[in-house]
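To start, the structure itself, in structure tokens.
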């Protein structure tokens with residue numbers, strides 16, 4: 001085979017990976033761009049943006065990169081090690097997501113409790129963001145099944161907002177679901193999951209719900225594992241976890257963000 005024929009064959013063999021890289025890169029970049037336009041500037045949006053940009057650049061520079069790879073055996077080993085590390089990361093991500101799936105109880109499975117604690121997530125212009133709305137809708141379903149239970153809504157004032165998350169959550173439950181105001185306990189100072197749980201306990205205690213009382217903790221499906229770990233560290237043993245579904249539009253980005261959040265919490269000893 002002459003040189004021209006060899007280069008032609010190599011070019012054809014590189015078309016498929018370049019096309020796949022281009023396609024994956026564009027999809028990831030569009031996904032990240034849409035999330036950022038919606039105001040989601042977090043790891044769940046930034047990682048797809050970085051991966052998408054890297055994929056597009058690799059597809060664009062495929063031929064020079066392949067010449068670099070073939071130039072020395074060390075380059076070939078580094079290329080192989082890089083792809084193996086990426087594959088192992090994808091496997092770990094898949095295993096983590098498989099653990100998140102199906103975590104928690106369904107509202108109808110929860111035994112009688114004295115309180116329902118709804119963890120904060122985020123508000124925008126005085127309204128709950130979709131993830132938080134899903135948590136509140138799940139809490140409202142529980143409230144109908146458990147009419148004797150108080151409902152603690154947790155969260156301080158988000159950046160750029162004028163009202164606390166708790167105030168926005170309480171209003172949503174009253175207006176959307178007809179929850180009576182006297183059932184609501186507003187914890188309006190917290191800025192984290194740990195503080196959601198820690199600061200809501202004395203407020204519930206003032207209403208007769210002690211630290212050992214049976215309580216439901218409502219959070220998103222992606223967040224429930226970490227929240228359960230934090231509750232355990234706070235010795236909240238009588239906690240029944242209930243997961244609210246994450247809206248499909250942001251589900252996998254939220255699960256990706258939680259992968260890194262869980263790793264950070266583990267390193268910091270929070271879970």
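Springs between alpha-carbon pairs under 10 angstrom, Gaussian network model over the chain: which of 104, 52, 155 fluctuates most?
Residue with maximal mean-square fluctuation among 104, 52, 155: 52.
For the chain, take the longest principal axis of its alpha carbons; what is the angle in degrees between that and the long axis of helix 43-60, to the nearest 10 within 0 to 90?
So the inclination is approximately 10 degrees.
Would you mind getting me the FRET efficiency between residue 266 and residue 63? Use the beta-carbon distance for r and R0 = 41 Å, nearest 0.05.
Working: r = 42 Å, r/R0 = 1.01.
FRET efficiency, residue 266 to residue 63: 0.50.
Run the quick spin-label model on residue 206 and residue 97: label points 7 Å from Cα toward the beta carbon, then report their separation in nm to one decimal.
4.4
Taking the mean number of other Cβ atoms within 10 Å as a proxy for protection, how do you rank 197-204, 134-141 from highest to lowest?
On the way: 197-204: 19.1, 134-141: 22.0.
Averaged packing, sorted descending, gives the order 134-141, 197-204.
Under 20 Å from a point 7 Å along the Cα-to-Cβ line of residue 125: which residues of segment 144-181 have their amide N that close?
Correct set: 157-173, 175-176.
What does the extension gain come out to for residue 174 and residue 81, with contour length at 0.36 nm per residue minus their alpha carbon separation? Mind dumping the intermediate values first?
Details: separation 93, 0.36 × 93 = 33.48 nm, distance 5.55 nm.
Stretched out fully, the residue 174 to residue 81 stretch lengthens by 27.9 nm.
Taking the Cβ-Cβ separation of residue 233 and residue 20 as r and a Förster radius of 51 Å, what is the calculated FRET efficiency to the nearest 0.05? Intermediate results must be reported in sequence, preceding the final value.
Values: r = 43 Å, r/R0 = 0.85.
Given R0 = 51 Å and the Cβ-Cβ separation, E is 0.75.
Angle, helix 130-145 long axis vs. longest principal axis of the chain, Cα atoms, 0 to 90°, nearest 10?
40
Given a cut-off of under 8 Å on Cα pairs at least six residues apart, what relative contact order in percent is computed for the chain? Could you put the intermediate results ahead of the total?
On the way: 380 pairs, mean separation 50.8, N = 271.
The value is 19 percent.
Give me the distance between the Cα centres of segment 207-247 and segment 50-99, rounded to whole Å.
Cα centroid to Cα centroid, the span is 39 Å.
Going by alpha carbons, how many degrees (0 to 90, nearest 10) lie between the helix axis of 224-233 and the longest principal axis of the chain?
Roughly 60 degrees between the two axes.
Every read-out reported here was derived from the displayed coordinates using simple, explicitly stated rules and does not represent laboratory data. Please read these numbers as outputs of a predicted model, since none were measured by experiment. Note: ideal-geometry Cβ built from the backbone for every residue, glycine included; neighbour counts use all protein chains shown.
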